[in-house]
Amino acid sequence: MELMTTGKRSYNSDLTPSKRLRTELLSADADKPRRTSSLLSPIMLLEGHQGEILCSKFSPKGDILASAGSERSIYIWKTYGECENGIMQPNHGGTICDLRFNYDGSTLYTASIDKTIGVWDVASGSRIKRLKGHTNFVNSVGETKKGPPLVVSGSDDCQVKLWDLRRRASVVNLNSVYQVTAVSFGESEEQVISAGVDNEIKLWDLRKADVSISLLGHKDTVTSMDLSPDGS
């Protein structure tokens with residue numbers, strides 16, 4: 001069988017030999033680093049989104065990847081095998097800015113410019129709750145690493161809201177003065193961390209509903225942050 005070529009190219013035979021000995025090929029393969037993952041291929045290209053992707057996260061076990069963005073849909077991808085995917089239903093009413101898995105990967109939380117936080121069951125791919133209360137775009141969402149099912153959100157309405165999924169409305173409302181672009185829980189459910197367009201990182205003591213520490217140093221808006229697994 002002949003191969004079709006689109007053009008001719010000359011090579012220096014001293015630099016590129018036309019044949020290599022089997023011993024040379026085996027030696028070259030041995031020099032390659034060993035693969036340490038169970039992925040089907042070292043690089044996997046996941047296709048399906050029709051719009052800009054703004055956020056993605058692996059589940060705590062690493063077996064699922066969630067992604068979302070401007071098309072308002074949440075895609076769930078299996079990490080291994082052929083990386084089959086599915087779309088959670090129903091869609092948000094606007095662009096999804098952030099998403100987070102809960103501590104065991106069974107639940108997904110999303111923040112959207114439709115002013116809501118979505119709570120999703122990963123196994124069924126369906127929305128189980130919609131948290132309403134913000135009056136402007138919700139930019140960020142965070143989850144507790146342990147304890148009761150609490151969620152924190154930050155919005156362009158300058159509010160940091162704490163939600164208990166066992167209740168309908170937010171249980172704590174914190175006024176950050178400026179738009180909030182990133183949120184996270186601290187080392188316990190009694191501490192929340194926020195950041196925004198004022199370039200500050202604020203540590204909130206929920207028992208007092210007030211800022212306990214302000215971290216200064218950023219010269220522009222802080223758009224994302226996360227706490228280390230051990231909270232240190």
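Which of the residues belonging to the stretch 176-232 are charged (D, E, K, R), more than 24 Å from the chain's Cα centre (by Cα) and surrounded by 12 or more Cβ atoms within 10 Å (Cβ to Cβ)?
Asp205
Check whether at least one residue in the stretch 39-51 is open to solvent by 40 Å² or more (accessible area, probe 1.4 Å) and modelled with pLDDT of 95 or more, and report yes or no.
Looking for residues that are open to solvent by 40 Å² or more (accessible area, probe 1.4 Å) and modelled with pLDDT of 95 or more, one finds none in the stretch 39-51, hence no.
Filter the stretch 68-88 down to the residues that are under 13 Å from the mean Cα position of the chain (by Cα) and β-branched (Val, Ile, Thr), then identify the one that is surrounded by the fewest Cβ atoms within 10 Å (Cβ to Cβ).
Ile76
Which ones in the stretch 153-175 are open to solvent by less than 10 Å² (accessible area, probe 1.4 Å) and under 17 Å from Ser212 (Cα atoms)?
If the condition is that a residue be open to solvent by less than 10 Å² (accessible area, probe 1.4 Å) and under 17 Å from Ser212 (Cα atoms), then Val160, Leu174 are the ones that fit.
Output the number of residues of the stretch 89-113 satisfying the condition of being among the β-branched types (Val, Ile, Thr), in contact with a Ser or Thr (Cβ under 8 Å, 6 or more places away or on another chain) and surrounded by 20 or more Cβ atoms within 10 Å (Cβ to Cβ).
The total comes to 1.
Examine the stretch 6-15 for a residue that is part of a loop (DSSP other than H, G, I, E, B), at pLDDT 90 or above, open to solvent by less than 60 Å² (accessible area, probe 1.4 Å) and of a type in the set (Gly, Ala, Ser), and state whether such a residue exists.
No; the residues of the stretch 6-15 include none that is part of a loop (DSSP other than H, G, I, E, B), at pLDDT 90 or above, open to solvent by less than 60 Å² (accessible area, probe 1.4 Å) and of a type in the set (Gly, Ala, Ser).
For the stretch 83-109, how many residues meet the condition of being under 14 Å from Ser70 (Cα atoms) and part of a loop (DSSP other than H, G, I, E, B)?
Within the stretch 83-109, residues that are under 14 Å from Ser70 (Cα atoms) and part of a loop (DSSP other than H, G, I, E, B) number 5.
Which ones in the stretch 110-129 are under 18 Å from Asn173 (Cβ atoms) and in a strand (DSSP E or B)?
Those that are under 18 Å from Asn173 (Cβ atoms) and in a strand (DSSP E or B): Ala111, Thr116, Ile117.
Restricting the stretch 52-67 to residues that are in a loop (DSSP other than H, G, I, E, B) and open to solvent by less than 30 Å² (accessible area, probe 1.4 Å), which is nearest to Val141 (Cα to Cα)?
Checked the stretch 52-67; the qualifying residue nearest to Val141 (Cα to Cα) is Ser59.
So which strands (runs of 3 or more DSSP E) stay within the stretch 138-232 end to end and still have 1 or more residues that are within 18 Å of Asp98 (Cα to Cα) and among the acidic types (Asp, Glu)?
In the stretch 138-232, the matching strands (runs of 3 or more DSSP E) lie at 138-143.
The values are calculated or read from the model by the stated rules, or taken from the named source; none is laboratory data. What you see is a predicted model, and the numbers here were worked out from it, not measured in a lab. Because the Cβ atoms are built from the backbone with ideal geometry, glycine has one as well, and the counts that use them run over all protein chains shown. Ligands, DNA and RNA are excluded from the accessible area calculation, which covers all protein heavy atoms including side chains. Shrake-Rupley method; radii C 1.70, N 1.55, O 1.52, S 1.80 Å.
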